[in-house]
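Q: Structure in structure tokens, see below.
Coordinate-derived values only; no laboratory data. On a predicted model such as this, the values are computed, not experimentally measured, just so you know. Here the Cβ positions follow ideal geometry from the backbone for every residue, glycine too, while neighbour counts run over all protein chains shown.
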There are 2 protein chains.
Amino acid sequence: MDASAPRPRRFNALPATECTARLQLGKVGRVGWNTTDGPLVLPVTYVYRDGQIIFRTSPYGVLSELRNVRQVAFEIDDFDVVSRTGWSVMARGWAKAAVKPDELVALWNEPDPVPWAAGNRPLFIIISPEQVSGREIVG
Amino acid sequence: MDASAPRPRRFNALPATECTARLQLGKVGRVGWNTTDGPLVLPVTYVYRDGQIIFRTSPYGVLSELRNVRQVAFEIDDFDVVSRTGWSVMARGWAKAAVKPDELVALWNEPDPVPWAAGNRPLFIIISPEQVSGREIVG
């Protein structure tokens, strides 16, 4: 065996603490869910706080469908096409809108999440993960 | 109005030709679909050829479920957290495995897609989009 040959890249599972740490560091993720018209995957800017994924959206956009309780998958990742390495974390759980007055007051008092696009985006969608997993592809 | 103030960022729809061009340039995307256990979103390395999204996977992994005809959403994106700009493209359609002998011969004769991870990944999953849309968030 040639020790100088590049080692084959392989998948490793990421430990739960590492998945959580990456969710905390992330800024943009993708929400996937099933609509009557089939699956959708859309990016959102989010914050991860107290074990929940929180983002803001418009009450008139397609993401507002998540205000009703919906089963979702939330994904973050980072890849390097040159070294062909990278990682991803997926959180699976349930989305719903924040509606309780005290909850909304607390959310508006936090600096994050702030949507990148201008416009009125007063709907806070909160994803409560039931299962978080991640993997990396390393050389 | 202060002309030196930063203009508010806003969403623009991407034209269809631009969506296709970005699918052709992309290397990594995310497949979202609904399982009996809820939605999943997983990254794959892919190639876009003849209007189809093609990737390879193991017959024993979770992505192999797409060998049976499944409705999917495929998403690519790129974001810059400093300028708070970026774009995403979503292709919605149907996934299935390549099974016809002549189709498989043609696929194995192409240089792409090559999975990044080592291991036997002989299952070619082909997504035929019925609808492609994209948007960008610009300053």
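Q: Roughly how big is the protein assembly as shown's charge dipole about its Cα centre, with Cβ charges of +1 (Lys, Arg) and -1 (Asp, Glu), in debye to the nearest 20?
A: Value, rounded to 20: 140 debye.
Q: How far is helix A:16-25 tilted, in degrees, relative to the longest principal axis of the Cα atoms in chain A, given as a value from 0 to 90 rounded to the nearest 10?
A: 60
Q: Mind checking the dipole of the range B:15-138: about its Cα centre, +1 per Lys or Arg Cβ, -1 per Asp or Glu Cβ, Debye to the nearest 20?
A: That gives the range B:15-138 a dipole magnitude of about 200 debye.
Q: Now, a different point. Would you please give the FRET efficiency between residue B:118 and residue B:71, computed as 1/(1 + (r/R0)^6) with r the Cβ-Cβ distance and R0 = 41 Å, to the nearest 0.05?
A: The formula returns an efficiency of 0.85 here.
Q: Still on this structure, I have one more. Given N residues in the protein assembly as shown, what is Rg(Cα) / (2.2 N^0.38 Å)?
A: For the protein assembly as shown, the normalised Cα radius of gyration comes out at 1.04.
Q: Using a basic spin-label model with each label point 7 Å from the Cα along Cα→Cβ, how many nm lie between residue B:130 and residue B:49?
A: Computed distance between label sites residue B:130 and residue B:49 equals 2.6 nm.
Q: Cα centroids of the range A:38-90 and the range A:99-134: how far apart, whole angstrom?
A: For the range A:38-90 versus the range A:99-134, the Cα centre distance is 12 Å.
Q: OK, next. Quick one: A:54, B:125, fewest Cβ neighbours within 10 Å first, how do they rank?
A: Ordered by Cβ neighbours within 10 Å, fewest first: A:54, B:125.
Q: Counting other beta carbons within 10 Å of each residue's own, what order do A:80, B:77, B:50 fall into, fewest first?
A: B:50, A:80, B:77
Q: Same structure, new question: Copy-to-copy spacing for residue B:102, label 7 Å out on the Cα-to-C-beta vector, in nm, shortest first?
A: 6.9
Q: What is the average number of partner chain Cβ atoms found within 10 Å of a Cβ in A:86-97?
A: Mean inter-chain Cβ contacts per residue within 10 Å come to 2.
Q: Farthest toward the dipole's positive end in chain A, which of A:81, A:43, A:128, given Cβ charges of +1 (Lys, Arg) and -1 (Asp, Glu) about the Cα centre?
A: Positive-end residue among those listed: A:81.
Q: Enumerate the lysines that residue A:96 could reach by cross-link, defined here as Cα to Cα under 21 Å, with residues fewer than 8 away along the same chain left out.
A: Excluding near neighbours in sequence, the set is A:27.
Q: Using Stokes-Einstein with the Kirkwood hydrodynamic radius over Cα pairs, what translational diffusion coefficient do you get for the range A:1-97 at 4 °C and a viscosity of 1.567 mPa s, in µm²/s rounded to a whole number?
A: 84
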